[in-house]
Each structure stands twice: as C-alpha cells, then as structure tokens.
Amino acid sequence: MTRRFGHSIEKLIFIFSLYCGLGHAVTWMPFGPDGGDARSIAADPSNSKHLYLGAANGWIFESLDGGSIWKRLARVGKRDDLVLDNILVDASNPKHLIVGAWVLGSVDGGLFASNDAGLTWAGISGMAGQSVRSLAASVTDPKTLIVGTLNGVYRSTDAGLGWKLISPEGSREIHEVESIAIDPSDPRIIYAGTWHLPWKTVDGGEHWSSIKEGIIEDSDVFSIIVDPKQPSVVYASACSGIYRSENAGSRFKKIQGIPSTARRTRVLMQDPNHLNTVYAGTTEGLFRTDDSGTTWVRTTGSELIVNDVYVDPSDSTHVLLATDRGGVLSSHDRGNSFDATNAGFSARQVTSYVADVQRPSNVFVGIVNDKEWGGVFASENGGLSWIQESSGLGGRDVFSLGQASDGTIIAGTGHGIYRLNGAMWSRAGSAAPSSAAKAAGKRMPIARPGKSGKPASSRPSASRAEPALAGTVGDFDGSVYAIAQAGDTLYAATSDGLLASATAGQSWGRVLGAERQELLFVSVAKRVIVTAGLRSAMFSVDGGKDWKSLKLPEMLTQISAVAADGTGAVWVGGREGLFATNDGGASWETLKNMYIRDVNSMYYDGASERITVTAGGVSTMAFAVHLPERSVRFWDTGWNLRFARPVGDHLIAATLFDGMVVQPQMVDSAEVGKR
C-alpha cells in the first residue's frame, strides 16, 4: 500500500462519520464515480440554495449550497426502479415534500411524502401503484395539488392526504398526462398535456376542453408553463416543437427557431426575474430565448439530454440542469457555459473492476449505459475519488476490465477489446497512439514494461498458461464479458467464444479445444481455467491446452458466476446457491454454514486466499469464503451489490445503480495520529 493510500484511510474515517446516520449502522460508504442520470430539481421556497435532486434509481439527494455538493437523503419506496421526475416542496411547510414516481416499462409508480425534509418517506395510499408523470401545486393555495398519471388527472385539496380523479373516468382522451400547469391566479384553471395534445379545465375538472388549435395533430405535450404575471400567456412543448398562446390556450402558435426534427423539448422553464427569458431543455441540448420565444440560441452541445432546468430566483445567472448520464450541470452566466457539479451524486452502473497489481490503490471501473459520460473511471486512492479515463472508447459500454503482465489495462466492450496507452485507449490490433496522444490528459502511473522491453510480469511464473491458439482474430468486434490473467496470458470470455492473448492484449487468438459459443465468465487460478455461458461450462487443468466439459450441479438452472481457486477447486453460482467441485464436476458440495441464493458474482482473491461472493435480489450481504478450510465471513453492506473486490486491506463493491461503495475501516484514532 502506498503512502498516499494510507492518507486516504484517514479521509475514509472522517467521511464515515458523515454517513453513519445513513441506513444501517454498518452501511458501506458511497464514493462515486460521480454523475449519472439526474431527473429533477426542486428548491426549498424559503431558501433557494437548499435543493433536492431526484434520480432514476429511487434516490433523493440534497444540496445546501445551491447544487455544488450533494448528499444522499433516502431511497424513496426502498426500491431502485423508481424514476423521480417530480419533486414538490410545500411552500407553507418546507419540511413537507411530495415526489411523483414512475417505473420504466411498467404502469407502476406512486406518490410518496416526507415530513422531515426528505429523511424518511411513506407511500400515499390513495395513489399507490399510479405511474405519476407530472405534479404541481397552486401558487395561491399551496394545499391544492394536481397530479397527472397514466390514468388521468387527480387533485388534492389537503396537501396530498386525499386524492380525487377530476378527469373523466375511463376517458379515451385525457390519460397519459405527461405535464400539468395551474393558473397562478385561479387554482380551478388547470392545463394538462397528454401523449396526444393538451386539455384545459376552468372549473376544477367539472368540464374539460381540448386546446389543440394551432398544434400539430397527435403531439405529445411534455411541458406546460403559465406566465406568473400574464396568465393568458401559456407555453407548451411537444414532440412537434414549442408553442406559445397569448389567449390562455384558445389558440397556440408554433415558435420558430427550434427545429422539431429528432428533438423533444422535455422541460420549459421561465426565469422568475426576467419573464421574457425562457429555457427549453431538450434531447439535443439547452436552448434559451430572451424575447419570449421569437429567437432562440442553443447554449450547450447537441449531445446533452436535459431532463430539468432550475433557475435560481435569488440570482438568475445561476442555472442548473438535471441531465441524462451527465448528472447535474451548473452555470453562472445564464446558461452560456456549464460545469459538472456532481460531488456526492452518483447514479452509475458499474459492471467491472480491476486493481493495479503493483499499486493496489490504483483501481479502474467500467461503466455501461452512459455513452460519452461513461466508459472507464480511475482512482488512485482506492475508490475515494475518481477521474474519467475514457478517451478513445467512443462511448462504448465497458463490460469487463483486466490487466496484462506488463501493467497495461485492458477493457472489454460491447464492440471489441481496447488497451490503455497513456491517457488514450486504442483498439486491440490497431497502432498505438502517438506519443503526443499518450501525454494528453492527466493519468495515474501503472506498471510498465521492464528496461529490456519484455513484459514485467506481475504474476508468479508458476501460474503461466500457454493455450493453443487458432491464429489471430484480427479486428474483433464482438462483446467481451470477462477478462482473466494467468502469467503472461490474458483470457477473454466473448460473444464468439474464448480468446487469449500472450502479447499484453495487443493481438488475440481463439483458444483451440474450447467450444465456440457465447461465454460470459472466465476465471483463472494457477493452471486451472474455467469459462462458462449461462447453461454450460468448460475447464482446463493444464493452462488451457486441454479442455473438458464441466458437469454442472443437477439443481442449478442457470450459471451466474464462476471461479477457480488456488486449491484446484472450481466454483459455480446461480439462483440456487453456491457450489464447489474438486473432481471436475463428478460431485458437488455446498457450504453448510453459508445460506445464499441468487449468486451474482464470485472472485478468487489469491493474496488473501479467499473467494468473495455477492448475491442479487434483496440481499445486501458480501461474503468471503476463506481457503482451504472454507470458513465464511460476511458483512451487511446496506446495499444491493453487483460484485465485491479487495483493495488494500479492505473491500470495495459495486452497487446495482449507485456506483461504488467502500468498506469503512474502523482504525484507532490514536494510531491515525501517528501517521
């Protein structure tokens, strides 16, 4: 462990004190990588710097400094599939919050309320299971709330305690209500934007009228806003463009300047201090008009997907964006330029991990579903802070990571294998980047080839494997799901079989004798190699020269993890639990003192002679099976985990949707003072 990592432990102890009130007393601490999908922003009406942030994984975050630093408050509904697109802070009682939630690909969702400023949440029974797409409160009567769901429009007149459907029950027109707006002078006047045109009521829902005149037929209406000073001025955004009405919706006129092709305006937001200024958050960046929609300018790149816009009422130059993949962006010049402000906010999906063998505090993680904002993140302090390390990956999802014997970091993506050269990734088989490209950007040191030019092996020579290869595969473009190393040989489980490289990942060949099929897992320990798909597995005990089919446990329906350990045993895991064999699958055993189902990962930690295990479902446990006696140790991490890995003298784990979490180290403060 480097001295720098020793100082990081001191930081870890301090930060642990900040998180000790979050969830379980033994909850491991979240440390990013920062960013991900941010869905909605809302401010405390009594303090514009006190903000709440809703994510796509059920989490509510809080900022007390206007969005520079965030902290987790709670997971709404205690589930990770709720998309929190709407947050409402009660103007008469800022500790009273209501959020609307929906679930991707489902009609599920609901309304949830908090009476302690977001620390705890309870479902609102009258709206249980409703897919809530929009939520608004009356300016003149804060107890009057309006909600839009897939079923219609609902109203509460008692701050959310009771709800009544005010759109016609079973209506074939007023359903799938994506946007809601309430007239600032009269709470009975309500606008509802549906997935096919807008509607309006002037009598609190007794009667509804279509307000589609001027709007292209069958437009999805994503956002509606009413001018607070001139309620007759109404803006509506749709898949066909942005519209403005000067007669309270009786007729709309399409605003010019924002082409509708391949763009959706998800949110409209007026500057509360300059009402002629309107922001349009779209799937192709942020637009702004300063003349009520006559002219528009795009102030960000077109790659940005904007889910919400917040304009600070105390300082209109301060604008925040909630975005897909990029998290929260902050501007102090009216949106002309933005910086990421995601400290404390992480909603990343981490799939893979590797630690530098020579410097264990230098670690890398692979990300999926974040395109240019994802790829690979690196940390030189064991996961306490991260920098993006994705130049050259082209926004590809990273499914697996490994390290060659010369220290080169290898990434397996959805389209091929990449090697990290300096600060740039290059595709396996392609020419390495120029020296100038290597020098570009900041990156941490990793193991390098020795002075002789030969790889400086980071594994004992006894573990080297020399499989027979069927030539090279050239420019491989398949998916690479797992990478393992044995001596100077790398193995890759891919969509087109098992590949191997003895050139530090530069060139790859298909392993002879290994059946050519989609493989999701590969693990190596000494000369034992095991690789598997979902329903079949192969193994070799001579470094990949000869292969045999592995007979699986009869009760195992599907493989979800495999591992070879240093004792010569092979392990498989699945829905039915964890199994081990010492005789090539002729017989299998389970651990009598380990009750686990839905195994989703296993990793052989040779340095500590143990296998780390995690499980899916509702489990928040991380396990370690110590070899050879196979004793079991476990920790309640407080998180649903994807995998756990050793780093230094503790563990680090990937959650399903919330980035990485680190095991707290309870070090004697007197000892810390001696460092």
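Of all residues in segment 391-418 being assigned to a loop (DSSP other than H, G, I, E, B) and under 16 Å from the mean Cα position of the chain (by Cα), which is farthest from SER495 (Cα to Cα)?
So, considering only residues that are assigned to a loop (DSSP other than H, G, I, E, B) and under 16 Å from the mean Cα position of the chain (by Cα), the one farthest from SER495 (Cα to Cα) is GLY395.
Out of the residues in segment 553-566 that are without any contact (Cβ under 8 Å) to a residue 24 or more places away in the chain and touching a Gly at 6+ places or on another chain (Cβ under 7 Å), which is surrounded by the most Cβ atoms within 10 Å (Cβ to Cβ)?
Only one residue fits best here, namely LEU556.
With the requirement that a residue be at pLDDT 90 or above and in a loop (DSSP other than H, G, I, E, B), what does segment 464-489 give you?
PHE476, ASP477, GLY478, SER479, ASP488, listed by residue number.
Going through segment 128-167 one residue at a time, which ones are surrounded by 16 or more Cβ atoms within 10 Å (Cβ to Cβ) and either on the phi > 0 side of the Ramachandran plot or of a type in the set (Gly, Ala, Ser) (or both)?
Within segment 128-167, SER131, SER134, ALA136, ALA137, SER138, GLY148, GLY152, SER156, ALA159, GLY160, SER167 meet the criteria.
All but one of (1) surrounded by fewer than 16 Cβ atoms within 10 Å (Cβ to Cβ); (2) closer than 21 Å to HIS175 by Cβ; (3) at pLDDT below 95 hold for SER240; state the number of the condition that does not hold.
So SER240 meets the others, but not (1).
Would you mind stating whether GLY505 is touching a Lys or Arg at 6+ places or on another chain (Cβ under 9 Å) and under 14 Å from ALA468 (Cα atoms)?
Criteria not met by GLY505.
Evaluate segment 240-262: report whether one residue or more is of a type in the set (Phe, Trp, Tyr) and within 23 Å of ARG334 (Cβ to Cβ).
Taking every residue of segment 240-262 in turn, none turns out to be of a type in the set (Phe, Trp, Tyr) and within 23 Å of ARG334 (Cβ to Cβ).
Hey, among the residues in segment 603-644 that are out of contact with any Leu (no Cβ under 8 Å at 6 or more places or on another chain) and charged (D, E, K, R), which one's nearest to LEU401 (Cα to Cα)?
So, considering only residues that are out of contact with any Leu (no Cβ under 8 Å at 6 or more places or on another chain) and charged (D, E, K, R), the one nearest to LEU401 (Cα to Cα) is ASP605.
Pull up segment 540-552, narrow it to residues that are part of a strand (DSSP E or B) and surrounded by fewer than 22 Cβ atoms within 10 Å (Cβ to Cβ), then point me to the one that is farthest from the chain's Cα centre (by Cα).
In this case the residue turns out to be LYS548.
Right, SER185: surrounded by fewer than 19 Cβ atoms within 10 Å (Cβ to Cβ), in contact with a Phe, Trp or Tyr (Cβ under 7 Å, 6 or more places away or on another chain), over 29 Å from ALA38 (Cβ atoms) and among the polar types (S, T, N, Q) or not?
Criteria not met by SER185.
With the requirement that a residue be without any contact (Cβ under 8 Å) to a residue 60 or more places away in the chain and either surrounded by 20 or more Cβ atoms within 10 Å (Cβ to Cβ) or not charged (D, E, K, R) (or both), what does segment 94-109 give you?
Hits for segment 94-109 are PRO94, LEU97, VAL99, GLY100, ALA101, TRP102, VAL103, LEU104, GLY105, SER106, VAL107, GLY109.
Can you pull out every residue in segment 555-566 that is assigned to a loop (DSSP other than H, G, I, E, B) and among the hydroxyl-bearing types (Ser, Thr, Tyr)?
THR557
Among the listed residues MET602, MET594, MET555, which satisfies the condition of being of a type in the set (A, V, I, L, M), over 18 Å from TYR353 (Cα atoms) and under 31 Å from the mean Cα position of the chain (by Cα)?
None of the others qualify; the one that does is MET594.
List the number of the failed condition for GLY160; all other conditions in (1) farther than 18 Å from LEU197 by Cα; (2) under 30 Å from the mean Cα position of the chain (by Cα) hold.
Result: GLY160 passes all but (2).
Consider ASP477 against the criteria (1) more than 24 Å from ASN421 (Cβ to Cβ); (2) of a type outside the set (Ser, Thr, Tyr); (3) surrounded by fewer than 21 Cβ atoms within 10 Å (Cβ to Cβ): it satisfies all of them except one. Which criterion is unmet?
For ASP477, the failing item is (1).
Mind checking which residues of segment 273-299 are more than 22 Å from GLY54 (Cα to Cα) and either in contact with a Leu (Cβ under 7 Å, 6 or more places away or on another chain) or surrounded by 14 or more Cβ atoms within 10 Å (Cβ to Cβ) (or both)?
Listed by number, the residues that qualify are LEU275, THR277, VAL278, PHE287, ARG288, THR289, ASP290, SER292, GLY293, TRP296, ARG298, THR299.
Is it the case that segment 287-302 has a residue that's touching a residue at least 60 places away in the same chain (Cβ under 8 Å) and of a type outside the set (Gly, Ala, Ser)?
Among the residues of segment 287-302, not one is touching a residue at least 60 places away in the same chain (Cβ under 8 Å) and of a type outside the set (Gly, Ala, Ser), which makes the answer no.
Being more than 25 Å from ASP339 (Cα to Cα), at pLDDT 95 or above and in a strand (DSSP E or B) is true for just one of ILE41, ILE98, ILE60. Which residue is that?
Sole residue among the options that is more than 25 Å from ASP339 (Cα to Cα), at pLDDT 95 or above and in a strand (DSSP E or B): ILE98.
Counting only residues that are within 18 Å of TYR310 (Cα to Cα) and charged (D, E, K, R), which one in segment 72-115 is nearest to the chain's Cα centre (by Cα)?
ASP85
Can you tell me which of (1) crowded, with 16+ Cβ neighbours inside 10 Å; (2) free of Cβ contacts under 8 Å to residues at least 60 places away in the same chain; (3) assigned to a loop (DSSP other than H, G, I, E, B) is the one ALA504 doesn't meet?
Condition not satisfied by ALA504: (2).
Considering each of LEU135, LEU165, LEU150 in turn, give the residue that is out of contact with any helix residue (DSSP H, G or I) (no Cβ under 8 Å at 6 or more places or on another chain), over 16 Å from TRP102 (Cβ atoms) and without any contact (Cβ under 8 Å) to a residue 60 or more places away in the chain.
Among LEU135, LEU165, LEU150, only LEU165 is out of contact with any helix residue (DSSP H, G or I) (no Cβ under 8 Å at 6 or more places or on another chain), over 16 Å from TRP102 (Cβ atoms) and without any contact (Cβ under 8 Å) to a residue 60 or more places away in the chain.
Taking segment 170-210, which residues are acidic (Asp, Glu) and within 37 Å of the chain's Cα centre (by Cα)?
GLU173, GLU176, GLU178, ASP183
A quick yes/no check of all residues on (1) acidic (Asp, Glu); (2) farther than 18 Å from VAL147 by Cα; (3) touching a helix residue (DSSP H, G or I) at 6+ places or on another chain (Cβ under 7 Å); (4) in a strand (DSSP E or B):
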{"site": "GLY66", "(1), (2), (3), (4)": "no, yes, no, no"}
{"site": "LEU73", "(1), (2), (3), (4)": "no, yes, no, yes"}
{"site": "ASP80", "(1), (2), (3), (4)": "yes, yes, no, no"}
{"site": "ASP85", "(1), (2), (3), (4)": "yes, no, no, yes"}
{"site": "LEU111", "(1), (2), (3), (4)": "no, no, yes, yes"}
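Can you name the residue in segment 591-641 that is under 27 Å from LYS551 (Cβ atoms) and acidic (Asp, Glu) and is also surrounded by the fewest Cβ atoms within 10 Å (Cβ to Cβ) among such residues?
Among them, the one singled out is GLU629.
Each row is one residue, and each column tells you yes or no for (1) modelled with pLDDT of 95 or more; (2) closer than 28 Å to ASP81 by Cβ; (3) within 21 Å of the chain's Cα centre (by Cα).
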| position | (1), (2), (3) |
| --- | --- |
| ASP271 | yes, no, no |
| THR294 | no, no, no |
| GLU303 | no, yes, yes |
| VAL309 | yes, yes, yes |
| ASP312 | yes, no, no |
| VAL328 | yes, yes, yes |
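Could you check segment 567-590 and list, in sequence order, the residues that are among the polar types (S, T, N, Q) and either assigned to a loop (DSSP other than H, G, I, E, B) or surrounded by fewer than 17 Cβ atoms within 10 Å (Cβ to Cβ) (or both)?
Selection gives THR567, ASN582, SER587, THR590.
Please pick out the residue among LEU534, LEU520, LEU552 that is out of contact with any strand residue (DSSP E or B) (no Cβ under 6 Å at 6 or more places or on another chain), at pLDDT 95 or above and within 27 Å of ARG630 (Cα to Cα).
LEU552
The values are calculated or read from the model by the stated rules, or taken from the named source; none is laboratory data. Remember, predicted model here, so these are calculated numbers, not experimental data. All Cβ positions, glycine included, derive from the backbone under ideal geometry; neighbour counts span all protein chains shown.
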